[in-house]
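Take a look at the structure set out below.
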Ligand code: ADP
Ligand code: MG
């Protein structure tokens, strides 16, 4: 550390008018005692790292320290980046409250909304928003400090931000107003930042906050449950019925599960709004006294006498006091109040939850009720819920996996890392000794936990496709990706592979003057605006016509949702599918026609009779309602994005869709080809079938980037008709056979036009003679060409 204090000496402290309540709650945070240490380190260094457990006060307090010390004086901003939208909103509100300031001064900005304005002094934003701001002002001249929060999560965008900010800090060093960078992490695993010479030649100082953690007793399950959702439900049921007061925090893997469990719990332990409206809930109060009156010692629920009754038993033993709404649901009915002493105040928590609902976790539950928050891993690191005494951990987490073979990424549920397991358990010991119940067996725990659970979560940049990231970086004018200071660099081949694919797509072009440099094209720039895989982004950019755009939006949003189709009614779905893509052009569009019709039909049903209408429609057709809703949400998000980028388009989110005309279908197929030009499949000829010993009726194909033979999957509507040339969305392996699905038929003579980067023109023919097209004012000539590395010969085509 250099001893001199230059710029900080000039800064005038800003007086703050905090309420006594806030002063009291702040004084309890471990970070408060470290304010001076932190501020001195910031004034003496351009970059510092602050490490402290979740709940120690990093996110809410460090921005206030800077503000109070005058870092926002002279029209400068203090920027704070959060990986999640939910945290950006909630923390900006909290910090405004603590500083006794309005949302004018302490604001947030996330992708489609925000309240930041000209008076803003502290700005909370998502990583993506700051990246976009850097594209417009590389030196971030309006900022005096950037706080990069939750750096330990190792999200791709935050990794890249650290790389870029390390350069910006250096560029601003010599100027009158240097930029300060504060990297905050909840875990001590910060070597990738601190010891990375390429990133910071001088290792930045690390300030470690003391933790105030009460002991948490860990309880393991007897066996790994078949259904962890059900297991979590039973655990909560037992805790609530038998254990002393204290909030319960449940970790599940995804939003849909959170919703399911919340509704199940609310049915089992009902709470009436009216009770809280009049302020007193007499029953609750009485129950509360009873609860508090019988404090229980440390208890392992699994040793506990009262075993959970089977649901049937509970219903049978119920004497008919028909007080609650009597539905014949298969869940534990609301009537079993003799076990469940008091109502449970059940709150969901996931990142897409609207802000006003999400902030409920910080409010005390209604009198006498126990709070139970059912959360995704949002509550693991970025939000601290007050008074949690019991944590129920399903042990799993949802990750995005990337398969380089098919270039397809998918979400899958895997065992959490040990770091995550400890972090989740720690949530129970913030205010008093707590308990954590894990949904896997203690008997094998050492084996399972030690062998199967990874130590840390891998940085996202090593587990997701980086094509989109590279495109984003190129659109920020970062030319040579291979020399970019990534905290953990992807290997060079991965980067070059991604760049090559982007060149093939037409998003980048090779710079002939400089080796190894690919420049972004105008098409690439437009593509970079969408949070989609580049293949899909290109399709959107090519859908110039407004009605085509609406169709493509439906197709792309549905394709971007994992396991989009179908529901449980397999027979209904089979019928529906075939009737939707039965003949002519509709059959040629194949599986994408099915997707299009399903989205169109569902949106029509929803518009006419709401969610009930959608449910009926899904039951009738065999569609999966949840995935439709997911796709629908993405569709609306993309429409918002398009309306921001191209205001003149004025796309409508509730449009009634008519089926496309044959001409439109043809255009859609061509756009799909242009976007997926590297996923072409060609049917084996009779000779090739013979040679490979495959029966003649088999739907066997060569795929453009594989040597193995692939087969049309049973789910495809094109399985029967077996078009000669296809585009596929996905290749996957079952045992030793490869399958393709998500198919659309194309015409081979389109390839030289829409996939020209993968075609080789062998010869331009004199006969027929070149033709002049009046409408497009272009010359067309006929060529002989081949496609791909294997050199599949194509019929004569006009280009
Ligand atoms: P860290 O970033 O170190 O995890 P935070 O600054 O997020 O810690 O949290 C510090 C304290 O502030 C926690 O006890 C948390 O419960 C409280 N807190 C955070 N946000 C809010 C809010 N919106 N309302 C009330 N309390 C909050
Ligand atoms: Mg935090």
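Give region 754-799 a look and list any residue that's assigned to a strand (DSSP E or B) and touching a residue at least 60 places away in the same chain (Cβ under 8 Å), or say none.
Our first condition is that a residue be assigned to a strand (DSSP E or B); within region 754-799, this holds for 759-764, 771-773, 778-780, 782-787, 792-793, 797-798.
Of everything in region 754-799, those that are assigned to a strand (DSSP E or B) and touching a residue at least 60 places away in the same chain (Cβ under 8 Å) turn out to be 787, 792.
Hey, among the residues in region 58-73 that are in contact (Cβ under 8 Å) with a residue 60 or more places away in the chain and surrounded by fewer than 23 Cβ atoms within 10 Å (Cβ to Cβ), which one's nearest to ligand 2 (Cβ to nearest atom)?
69
Determine if region 3-18 includes at least one residue that is within 16 Å of ligand 1 (Cβ to nearest atom), modelled with pLDDT of 95 or more and in a loop (DSSP other than H, G, I, E, B). Quick ask: steps written out before the conclusion?
We begin by selecting, within region 3-18, every residue within 16 Å of ligand 1 (Cβ to nearest atom); these are 18.
Pick out the ones that are also modelled with pLDDT of 95 or more and you get 18.
Checking the rest, the ones that are also in a loop (DSSP other than H, G, I, E, B) come to 18.
Yes: region 3-18 contains one or more residues that are within 16 Å of ligand 1 (Cβ to nearest atom), modelled with pLDDT of 95 or more and in a loop (DSSP other than H, G, I, E, B).
Give region 188-226 a look and list any residue that's part of a loop (DSSP other than H, G, I, E, B), buried (at least 19 other Cβ atoms within 10 Å of the Cβ) and within 16 Å of ligand 2 (Cβ to nearest atom), or say none.
Those that are part of a loop (DSSP other than H, G, I, E, B), buried (at least 19 other Cβ atoms within 10 Å of the Cβ) and within 16 Å of ligand 2 (Cβ to nearest atom): 190, 209.
Pull up region 138-154, narrow it to residues that are within 16 Å of ligand 1 (Cβ to nearest atom) and part of a loop (DSSP other than H, G, I, E, B), then point me to the one that is modelled with the lowest pLDDT.
So, considering only residues that are within 16 Å of ligand 1 (Cβ to nearest atom) and part of a loop (DSSP other than H, G, I, E, B), the one modelled with the lowest pLDDT is 150.
Do we have any residue at all in region 42-58 that's at pLDDT 95 or above, assigned to a helix (DSSP H, G or I) and within 16 Å of ligand 1 (Cβ to nearest atom)?
Scanning region 42-58, I find at least one residue that is at pLDDT 95 or above, assigned to a helix (DSSP H, G or I) and within 16 Å of ligand 1 (Cβ to nearest atom), so the answer is yes.
Which of the following residues is touching a strand residue (DSSP E or B) at 6+ places or on another chain (Cβ under 6 Å) and modelled with pLDDT under 90: 224, 187, 217?
Details: 187 fails: touching a strand residue (DSSP E or B) at 6+ places or on another chain (Cβ under 6 Å); 217 fails: modelled with pLDDT under 90.
Of 224, 187, 217, the one residue that is touching a strand residue (DSSP E or B) at 6+ places or on another chain (Cβ under 6 Å) and modelled with pLDDT under 90 is 224.
Whether any residue in region 76-85 is assigned to a loop (DSSP other than H, G, I, E, B), touching a helix residue (DSSP H, G or I) at 6+ places or on another chain (Cβ under 9 Å), touching a residue at least 12 places away in the same chain (Cβ under 8 Å) and surrounded by fewer than 18 Cβ atoms within 10 Å (Cβ to Cβ) is what I want to check. Please lay out each step first, then the result.
Initially, region 76-85 is screened for residues assigned to a loop (DSSP other than H, G, I, E, B), giving 76, 83-84.
Filter once more, keeping what is touching a helix residue (DSSP H, G or I) at 6+ places or on another chain (Cβ under 9 Å): 83-84.
Then keep just the ones that are touching a residue at least 12 places away in the same chain (Cβ under 8 Å); that gives 83-84.
Next, only the ones that are surrounded by fewer than 18 Cβ atoms within 10 Å (Cβ to Cβ) stay: none.
Looking through region 76-85, none of the residues is assigned to a loop (DSSP other than H, G, I, E, B), touching a helix residue (DSSP H, G or I) at 6+ places or on another chain (Cβ under 9 Å), touching a residue at least 12 places away in the same chain (Cβ under 8 Å) and surrounded by fewer than 18 Cβ atoms within 10 Å (Cβ to Cβ).
Evaluate the following for residue 102: is it away from ligand 2 (no atom under 16 Å from the Cβ), closer than 17 Å to residue 63 by Cβ and surrounded by fewer than 16 Cβ atoms within 10 Å (Cβ to Cβ)?
Values: away from ligand 2 (no atom under 16 Å from the Cβ): yes; closer than 17 Å to residue 63 by Cβ: yes; surrounded by fewer than 16 Cβ atoms within 10 Å (Cβ to Cβ): yes.
The answer is yes for residue 102.
Among the residues of region 750-782, write down those that are modelled with pLDDT under 90 and in contact with a helix residue (DSSP H, G or I) (Cβ under 9 Å, 6 or more places away or on another chain).
Across region 750-782, the qualifying residue is only 761.
Could we say that residue 38 is farther than 16 Å from residue 106 by Cβ, part of a helix (DSSP H, G or I) and modelled with pLDDT of 95 or more here?
Numbers: farther than 16 Å from residue 106 by Cβ: yes; part of a helix (DSSP H, G or I): yes; modelled with pLDDT of 95 or more: yes.
It is true that residue 38 is farther than 16 Å from residue 106 by Cβ, part of a helix (DSSP H, G or I) and modelled with pLDDT of 95 or more.
Restricting to region 674-719, count the residues that are farther than 23 Å from residue 581 by Cβ, assigned to a strand (DSSP E or B) and without any contact (Cβ under 8 Å) to a residue 60 or more places away in the chain.
1
For region 432-445, indicate whether the set of residues that are modelled with pLDDT of 85 or more, in a loop (DSSP other than H, G, I, E, B) and within 30 Å of residue 224 (Cα to Cα) is non-empty. I'd like the intermediate steps shown before the answer.
Of the residues in region 432-445, the ones modelled with pLDDT of 85 or more are 432-438.
From the residues that got through so far, the ones that are in a loop (DSSP other than H, G, I, E, B) too are 432-433.
Filter once more, so that each one left must be within 30 Å of residue 224 (Cα to Cα): 432-433.
Looking through region 432-445, at least one residue is modelled with pLDDT of 85 or more, in a loop (DSSP other than H, G, I, E, B) and within 30 Å of residue 224 (Cα to Cα).
Checking residue 180 against (1) within 19 Å of residue 381 (Cα to Cα); (2) touching a residue at least 60 places away in the same chain (Cβ under 8 Å), which single condition isn't satisfied?
(1)
Examine region 110-119 for a residue that is in contact with a helix residue (DSSP H, G or I) (Cβ under 8 Å, 6 or more places away or on another chain), away from ligand 2 (no atom under 14 Å from the Cβ) and part of a helix (DSSP H, G or I), and state whether such a residue exists.
no
Only one residue in 231, 150 is surrounded by 15 or more Cβ atoms within 10 Å (Cβ to Cβ) and at positive phi, so which one is that? Give the derivation first.
Working: 231 fails: at positive phi.
Exactly one of 231, 150 is surrounded by 15 or more Cβ atoms within 10 Å (Cβ to Cβ) and at positive phi, namely 150.
Consider only pairs whose beta carbons are under 7 Å apart and that are at least six residues apart or on different chains; among these, list those whose first residue lies in region 138-149 and is more than 12 Å from residue 72 (Cα to Cα) and more than 16 Å from ligand 2 (Cβ to nearest atom) and whose second residue is at pLDDT 95 or above and in a loop (DSSP other than H, G, I, E, B).
As it stands, the answer is 140/179, since those pairs meet every condition given.
When region 615-633 is examined, which residues are found to be part of a helix (DSSP H, G or I), within 25 Å of the chain's Cα centre (by Cα) and surrounded by 18 or more Cβ atoms within 10 Å (Cβ to Cβ)? Show your work before the answer.
As a first pass, look at region 615-633 and keep what is part of a helix (DSSP H, G or I): 615-621, 625-633.
Within this subset, residues satisfying the condition of being within 25 Å of the chain's Cα centre (by Cα) are 625-633.
Across region 615-633, the qualifying residues are 627, 628, 630, 631, 632.
Those residues that are near ligand 1 (Cβ under 9 Å from one of its atoms) and either modelled with pLDDT of 85 or more or in a strand (DSSP E or B) (or both), I need them from region 352-385; list them, please.
Those that are near ligand 1 (Cβ under 9 Å from one of its atoms) and either modelled with pLDDT of 85 or more or in a strand (DSSP E or B) (or both): 361, 362, 363, 385.
Residues of region 86-97 being within 15 Å of ligand 2 (Cβ to nearest atom) and surrounded by fewer than 22 Cβ atoms within 10 Å (Cβ to Cβ), which ones? Walk me through it before giving the result.
Step one: list which residues in region 86-97 are within 15 Å of ligand 2 (Cβ to nearest atom), which gives 86-95.
93, 94 - these are the residues of region 86-97 that are within 15 Å of ligand 2 (Cβ to nearest atom) and surrounded by fewer than 22 Cβ atoms within 10 Å (Cβ to Cβ).
Please verify whether region 186-193 includes one or more residues that are out of contact with any helix residue (DSSP H, G or I) (no Cβ under 8 Å at 6 or more places or on another chain) and within 30 Å of residue 132 (Cβ to Cβ).
Of the residues in region 186-193, the ones out of contact with any helix residue (DSSP H, G or I) (no Cβ under 8 Å at 6 or more places or on another chain) are 188, 191-192.
Now drop any that are not within 30 Å of residue 132 (Cβ to Cβ), which leaves 191-192.
So far as region 186-193 goes, yes, one or more of its residues are out of contact with any helix residue (DSSP H, G or I) (no Cβ under 8 Å at 6 or more places or on another chain) and within 30 Å of residue 132 (Cβ to Cβ).
What pairs come out if I take residues in region 183-198 that are touching a residue at least 40 places away in the same chain (Cβ under 8 Å) and closer than 15 Å to residue 149 by Cα and pair them with residues that are part of a loop (DSSP other than H, G, I, E, B) and within 14 Å of ligand 1 (Cβ to nearest atom) whose C-beta lies under 8 Å away, six or more apart or interchain?
184/52; 184/149; 184/150; 185/150; 186/52; 186/53; 186/54; 186/150
The values are calculated or read from the model by the stated rules, or taken from the named source; none is laboratory data. If you're wondering where the values come from, they're calculated on a predicted model, not measured in any experiment. Heads up, the Cβs are rebuilt from the backbone with ideal geometry, glycines too, and the neighbour counts pull from every protein chain shown.
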